[in-house]
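Novice: The structure under discussion is supplied below as structure tokens; questions concerning it will follow.
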Amino acid sequence: MASSSLSVVLILCLAAAASAQLSTTFYDKSCPLALEKIQNGVATAVKNDRRMAASLLRMHFHDCFVQGCDASVLLNETSVGGNERGAFGNVGSLRGFEVIEQIKKDVEAVCKKPYSNHGPIVSCADILAVAARRCPVATHGPSWEVKLGRRDSTMASVTQIDQNLPAPFLGVAGLNASFVGKGFNLTDMVALSGGHTIGMAQCQNFRGRLYNESNINTTYATKLKFNCPQSGGNTNLAPLDDDTTIPPNPDLFNNDYFINLQSEKGLLHSEQVLYNATAAAGATEDIVKAFASSQAAFFSAFASAMAKMANLSPLTGSQGQVRSVCSIPN
Ligand code: HEM
């Protein structure tokens, strides 16, 4: 076995050992109302802003893929290791920091004495994981089991962002490389990219595809070009999923994303590459077809891949800390 494969195996073994220390009952004594508070906090935020479901789901992904699910993404610019929130791909794009901070306050307020006499109880990383689980539920999608007991990092890692967060211009091989190194298979990767059934993207992230690629539905492209000109309008938004429900509802968690890929209505390059009539995309095409024809199959694959994501390299036991405020280490 090559040494790089060995190190992937080693990382996966260590991650599995850490995630084995997580449990569904972790806060049962110290903060039995924690889950309810987090879920209500998300429900209220989504009621005020439908897009928040998408934003919080993405926040968990961007947390877990960089240094594991340790809430490093929430740390502000004063943190050791740099400011992940301010890094390319996150800045001007990730949303919902204030929602998580408010939930953290509300949760700590209901934790039990004497446990809470010794400091904060519920980690920001757990709050992110439980909040993300609530997002598809709030938009009529699936749910999954989240184990608890993650601890928060004391530092961020801006340098890990580029290597770990997949970019929208990647092809299948590049996307697969981002996911396989973290223990995901091709089905997981395609299912997780279905997270784009909700939420929005900025013109600057799909302009290249819109004006240069031929495998884009003409009517769809014409519609997009109104709001995403060849120059300017970088931050103008379009729904990631051109929902086919009547009336269209981009905030509905369903399998339209995969149906759309079959008619070349993927918004991002990294989406449409999953369904192209090319040899390279062959394996992902079958998965797209399966999810397009069965919403249940998509929901089940998405839920199991999200549960896997939530267990990526957690800090447990005496590692890290439980932050008092999610944006700054204690
Ligand atoms: C497969 C590789 C992926 C790539 C290349 C990618 C890329 C992107 C890009 C470029 C945006 C738009 C950001 C902006 O314009 O501000 C976006 C948004 C989003 N992504 Fe991904 N993403 C990927 C995987 C995922 C995964 C695994 C999830 C979650 C399971 C996810 C959930 C979302 C959501 C929900 C949004 C919308 C956020 C909002 O409206 O605030 N993405 N993604």
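The values are calculated or read from the model by the stated rules, or taken from the named source; none is laboratory data. Everything numeric in this text was worked out from a predicted model, so none of it was measured. Cβ sites come from the backbone with ideal geometry, for glycine too, and all protein chains shown count toward neighbours. These area figures cover heavy atoms from the full protein model, side chains too; ligands, DNA and RNA do not enter into them. Shrake-Rupley method; radii C 1.70, N 1.55, O 1.52, S 1.80 Å.
Novice: Return one number: the angle in degrees, 0 to 90 and rounded to the nearest 10, between the long axis of the Cα atoms of helix 52-64 and the longest principal axis of the Cα atoms of the chain.
Specialist: Relative to the chain, helix 52-64 is tipped by roughly 70 degrees.
Novice: Pull up all non-local amide H partners of Asp243: gap of 5 or more, or a different chain, and H-to-H distance under 5 Å with H placed in the peptide plane.
Specialist: Asn249
Novice: Calculate, for segment 172-306, the solvent-accessible area per residue in square angstrom, rolling a 1.4 angstrom probe over the heavy atoms of the protein chains. Walk me through the numbers before you get to the answer.
Specialist: Values: 5580 Å² over 135 residues.
Heavy-atom SASA per residue in segment 172-306 reads 41 Å².
Novice: Let me ask another. Taking the Cα-to-Cβ direction at Ala109 and at Thr44 and moving 7 Å from each Cα, how far apart do the two end points lie in nm?
Specialist: Going by the 7 Å Cα→Cβ label model, 0.7 nm.
Novice: Using only helices, what value at 222 nm comes out for the chain when you add -39,500 (n - 2.57) per DSSP H run of length 4 or more and divide by the total residues, to the nearest 500 deg cm²/dmol?
Specialist: Numbers: 14 runs with 155 residues, N = 330.
Calculated from helices alone, the mean residue ellipticity at 222 nm is -14000 deg cm²/dmol.
Novice: By a straight-distance test (C-alpha under 24 Å), which lysines pair with Lys225 as possible cross-link partners, with residues fewer than eight away in the same chain excluded?
Specialist: Cα-Cα hits under 24 Å: Lys265.
Novice: Once phi is turned into ³J(HN,Hα) by the Karplus curve 6.51 cos²θ - 1.76 cosθ + 1.60 with θ = phi - 60°, what whole-Hz value does each residue of segment 190-202 show in order, with x for glycine and proline?
Specialist: 5, 4, 5, 5, x, x, 6, 5, 10, x, 10, 10, 8
Novice: Okay, next question. For segment 3-166, what is the charge dipole size about the Cα centre, in debye to the nearest 20, if Lys and Arg each add +1 at the Cβ and Asp and Glu each add -1 at the Cβ?
Specialist: 420
Novice: For segment 306-323, what does the Karplus curve 6.51 cos²θ - 1.76 cosθ + 1.60, with θ = phi - 60°, yield as ³J(HN,Hα) per residue in whole Hz, taken in order and with x for Gly and Pro?
Specialist: 5, 4, 5, 4, 5, 9, 5, 5, x, 8, 9, x, 9, 6, x, 7, 9, 5
Novice: Another question about this same structure. Quick one: which residues, 5+ away or cross-chain, put their amide H under 5 Å from the amide H of Leu170? H built at 1.01 Å from N.
Specialist: Sorted by chain and number, the residues that satisfy this are Ser270.
Novice: Let me ask something additional. Under the rule of at least 5 residues apart or a separate chain, name every residue whose amide H is placed under 5 Å from the amide H of Ser93.
Specialist: none
Novice: In whole percent, and with a 1.4 Å probe on the protein chains, what portion of the accessible area of the chain is carbon and sulfur? Don't skip to the end; give the middle numbers.
Specialist: Values: 8180 of 14390 Å².
The computed percentage sits at 57.
Novice: Within 10 Å, count the other beta carbons around each residue, average over each peptide in 289-297, 30-38, 58-66, and list them highest first. Present the calculation step by step, with values, prior to reporting the outcome.
Specialist: On the way: 289-297: 16.6, 30-38: 18.9, 58-66: 24.7.
Those peptides, ordered most packed to least, come out 58-66, 30-38, 289-297.
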